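Novice: Pasting in a structure now, in structure tokens, and then I'll have a few things to ask.
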Amino acid sequence: MLKDGSAMVDEPVLKNIHACKEMSKITASSMGPYGLNKMVINHLGKIFVTHDAGTILNELEVEHPAAKLLVMTAKAMQEEVGDGTNFTVTLGGEFLYHAESLIRMGLHASDIIEGYNKAGKKALEICETLSHARVLDVKRVADVFPAIKTAVASKMYGYEDFLGTLVAEACVNACPANPKSFNVDNIRVIKLDGEGVTSSALVRGFVIHRTVDSTVKHLKNAKMAIYSCSVDVPQTEGKGTALMENAEQLLAYSKNEEDVMQQVIESIAKTGCNCIISNSNFGDLALHFIERSGMMAMKCPSKFELRRLSAAVGANVLARLEPPTKEDLGHCDNVDQKYLGGKTICVFAQDHDDSKLSTIVVRGATQNVMDDVERAIDDGVNTFKVLTKDSRLCAGAGAVEMELQKELTSYAETISGLDQYAVRKYASSFEVVPRTLATVAGFNGTDVVTELECEHNTGKKSAGVNIEDGGFLDAVETGIVDSLALKIWGIRLATDVAVTVLRVDQIIVAKQAGGPKPRNDQARDEE
């Protein structure tokens, strides 16, 4: 019936579960502040040393179709929340791991799916009751700091206070009047090697890797005109020939060019503009008259950077070399050329706390360290974005997961029928988070989970893992809080992927498309 070379896989459910289990095992040990690093070498030979699950899964080239579903779930989580990819993948893998034992017991996949769907709905209902506080005002650094600090701590443990404050200030600075329209692209990161992470700084504005073309290197209260064309003598598109018969005509010709350029630059200077940014080149004549007018000139060849700069200073990009109107001019409190980490940068900074853009200048000894700091900042910024839409907070450190495990186990006892087995297994899957946090910190996961279970049974809803001594702590009092939306999305996506994998009862692999087989390297060398 099928083309030669096609294959049908026996026991597809168990094989799919095994693939997903192995996939989640890769990222699980990277969970939490003490998460272990993975070294990933991608197809271009680039080396990534990180414990950020999103980066690991992006760079892995996954072949197995069921494992690919898990990677897709991680990407969906990244796009929706921007953090919590490891939580989703680990939880999805654990749901499937427990489903395997039920299948081996003789339970049919449809009973497990029904139980998982029931448990998933109940888990989301329980989550709604687990919020302990709200962020009252996302434009106050003190209010958003606890949630951002927890997100940063999972990537850069030890620097969470410093980087958390930096990210919170950057987000509040770039937050528009309506917080719901906050854009993560308005927080830029620039990496300069040298010094340590604590030398990183926040610039309320924009930073560019460029040198200033004029001799004026520092400006206060800059009024800026931004052009997407070159600042030079206008030239005609067609080729023309100028016939000159004597020296006077030659002098008059170049004098005319000078007069045109002088007129253009002086008319720009008359508008109050003292800084010109161009997307293209500055002509020598133009630079001469810019210097005479005491203005600053800088070339910005990237149209994306030009667009961000215009947003940061509130200027309109002009397509023709003409004097700007009042509305076209941008304003910047300080423009400075600086020399940092062996590189020359130009800093456009505002003194007040409501500039459209924030730039975090990251310092670090190696590229890997700076990449990790950038990922931590990215998680912090995304946490802020989530808080602008859903301001509810819940306890971190595995406390919410242990409470869900307790509540769902009680719920399983109220169900009559085979799906109660599935609900019970679904509940015990949540133990994977506190167990993993304890294991990667060097403690016995089972002991820690048992201790936490006792605490939750006595009514301590916010008891979580203490990764310092392997005991327990009150996550809310210690300030380890997560966004509730992150948990809700993580549970929803992990349940969906588990149910999708369990629904597959047959894998049919089509024969590979035709075409000549690639020869091995040896055969080519001999030729």
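Novice: Among the listed pairs LYS21/LYS122; LYS68/LYS149; LYS425/LYS487; LYS139/LYS338, which have their C-alpha atoms separated by more than 21 angstrom in this model? Before the final figure, lay out each step's value.
Specialist: Working: LYS21/LYS122 24 Å; LYS68/LYS149 31 Å; LYS425/LYS487 19 Å; LYS139/LYS338 30 Å.
Distance filter (> 21 Å) returns LYS21/LYS122; LYS68/LYS149; LYS139/LYS338.
Novice: What share of the DSSP beta bridges in the range 256-412 is antiparallel, in percent to the nearest 5? Intermediate values should be presented prior to the final figure.
Specialist: Details: 7 of 11 bridges.
Within the range 256-412, antiparallel bridges account for around 65 percent of the total.
Novice: Based on other C-beta atoms within 10 Å, arrange MET261, MET244 from fewest to most.
Specialist: MET244, MET261
Novice: Please get the size of the charge dipole for the range 51-207, origin at its Cα centre, with Cβ charges of +1 on Lys and Arg and -1 on Asp and Glu, quoted in debye to the nearest 20. Walk me through the intermediate numbers first.
Specialist: Working: 15 positive and 21 negative charges, 90 e Å.
The dipole of the range 51-207 has a size of about 440 debye.
Novice: Related question: Where in the range 282-390 are there trypsin sites (Lys or Arg not before Pro) that are in a DSSP coil and have at most 15 other Cβ atoms within 10 angstrom of their Cβ? Walk me through the intermediate numbers first.
Specialist: Details: sites: ARG292, LYS299, LYS303, ARG307, ARG308, ARG320, LYS326, LYS338, LYS343, LYS356, ARG363, ARG375, LYS385, LYS389; in loops: ARG320, LYS326, LYS356.
Passing sites in the range 282-390 are ARG320, LYS326.
Novice: Taking the 0 to 90 degree range and rounding to the nearest ten, how far is the long axis of helix 12-28 tilted relative to the main principal axis of the chain, both from C-alpha atoms?
Specialist: That works out to roughly 60 degrees.
Novice: Report the label-to-label distance for SER302 and VAL49 in nanometres (one decimal), using points 7 Å from each Cα along the Cα→Cβ vector.
Specialist: Roughly 2.6 nm, to one decimal.
Novice: Here is a follow-up. Which far-off residues, 5 or more places away or on another chain, put their amide H under 5 Å from the one on LEU340, with H placed in the peptide plane?
Specialist: ILE345
Novice: Nearest 500 deg cm²/dmol is fine: what mean residue ellipticity at 222 nm does the chain get from its DSSP H runs of n ≥ 4 alone, each adding -39,500 (n - 2.57), divided by its residue count?
Specialist: Details: 18 runs with 254 residues, N = 527.
Helix-only estimate at 222 nm: -15500 deg cm²/dmol.
Novice: At a Cα cut-off below 17 Å, give the lysines reachable from LYS326, other chains included and same-chain residues fewer than 8 away excluded.
Specialist: LYS223, LYS270
Novice: Another question, if that's okay. Hey, what's the Cα Rg ratio for the chain versus the globular rule of thumb, 2.2 N^0.38 Å?
Specialist: So the Cα radius of gyration is 1.26 times the expected 2.2 N^0.38 Å.
Novice: Under the rule of at least 5 residues apart or a separate chain, name every residue whose amide H is placed under 5 Å from the amide H of VAL189.
Specialist: Amide H neighbours of VAL189: ILE360.
Novice: Counting only the backbone N, which residues of the range 285-325 are under 11 Å from the spot 7 Å out from the Cα of GLU257 toward its beta-carbon?
Specialist: Output list for this probe position: 285-286.
Novice: While we're here: Could you pull out every one of the lysines with an alpha carbon less than 21 Å from that of LYS255, ignoring same-chain neighbours closer than 8 positions?
Specialist: Answer for LYS255, where 21 Å is the Cα cut-off: LYS239, listed by chain and number.
Novice: Let me ask something else about it. On a 0 to 90 degree scale, rounded to 10, what angle separates helix 85-105 from the longest Cα axis of the chain?
Specialist: It works out to around 20 degrees.
Novice: A follow-up question, please. What does the charge dipole of the chain about its Cα centre add up to, to the nearest 20 debye, if the Cβ of each Lys and Arg holds +1 and the Cβ of each Asp and Glu holds -1? Present the calculation step by step, with values, prior to reporting the outcome.
Specialist: Values: 56 positive and 72 negative charges, 126 e Å.
Dipole of the chain, to the nearest 20 debye: 600 debye.
Novice: Continuing with this model, one more query. Given labels modelled 7 Å from the Cα in the Cβ direction, how far is it in nm from ALA319 to TYR339?
Specialist: Spacing of the two 7 Å Cα→Cβ label points: 4.1 nm.
Novice: Percent relative contact order of the chain, based on C-alpha pairs within less than 8 angstrom and at least six residues apart?
Specialist: Numbers: 988 pairs, mean separation 137.2, N = 527.
Result for the chain is 26 percent.
Novice: What list do you get for SER131, SER410, SER310 if you sort them by fewest beta carbons within 10 Å?
Specialist: Values: SER131 17, SER410 10, SER310 22.
Fewest to most other Cβ atoms nearby, the residues stand as SER410, SER131, SER310.
Novice: What angle, in degrees between 0 and 90 and rounded to the nearest 10, separates the Cα long axis of helix 109-129 from the longest principal axis of the Cα atoms of the chain?
Specialist: 60 degrees
Novice: Count the DSSP beta bridges whose two residues both fall in the chain, then state the antiparallel fraction as a percent rounded to the nearest 5.
Specialist: 65 percent
Values quoted throughout were computed directly from the atomic coordinates according to the rules given, and no laboratory measurement underlies them. All values derive from a computational prediction rather than experimental measurement. Heads up, the Cβs are rebuilt from the backbone with ideal geometry, glycines too, and the neighbour counts pull from every protein chain shown.
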